[in-house]
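Heads up, the thing below is written out as structure tokens.
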Amino acid sequence: MADFIGSDLRGARFERADLSGALLKAVDLTGARLHGVDLTGTVMRGVELVNVDINGEIQNVRINGVDVWPLVDAELNRRYPDRAKMRPVDPAGFVEAWDTIERRSSRRCGTWCAPASAGSAGRSSETRRPGTR
């Protein structure tokens with residue numbers, strides 16, 4: 001195992017490096033950018049998270065003992081009302097989710113989309129609900 005005690009690694013680049021089980025103690029990560037990093041099971045104590053931007057899959061994240069995922073989930077659902085529909089729990093919910101996807105796709109489609117073919121009930125073959133003709 002390598003030790004970097006007192007080392008100046010400013011500007012170092014770690015790509016596809018395995019640091020699992022590493023101990024970072026009294027380390028300055030100011031301005032560090034982490035992309036595609038797996039922090040599963042990470043424990044952070046005595047950390048300073050100031051002006052931090054986190055974007056990614058978050059589950060079971062506790063900050064100062066508070067599980068923040070329900071708060072984040074509720075806020076994202078408030079900002080994007082169709083988001084909650086993308087986690088259906090019954091057949092009717094799947095139909096609603098599919099209709100939501102089609103509606104959003106048709107708004108983005110613009111002039112490049114092919115018109116619906118005859119008998120498609122207004123849906124192109126690419127966006128027709130599964131199991132319909």
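Can you tell which of 14, 81, 4 lies farthest toward the positive end of the dipole of segment 1-89, using +1 and -1 charges on the Cβ of basic and acidic side chains (Lys, Arg; Asp, Glu)?
Of the listed residues, the answer is 81.
Highest first, please rank the peptides 70-76, 100-106, 17-23 by the mean number of other Cβ atoms sitting within 10 Å of their residues.
On the way: 70-76: 11.6, 100-106: 13.7, 17-23: 8.6.
Peptide ranking by packing, descending: 100-106, 70-76, 17-23.
Read-outs throughout are calculated quantities, based only on the coordinates presented, and are distinct from any laboratory measurement. On a predicted model such as this, the values are computed, not experimentally measured, just so you know. Neighbour counts are summed over all protein chains in view; Cβ atoms, including those assigned to glycine, are modelled from backbone coordinates with ideal geometry.
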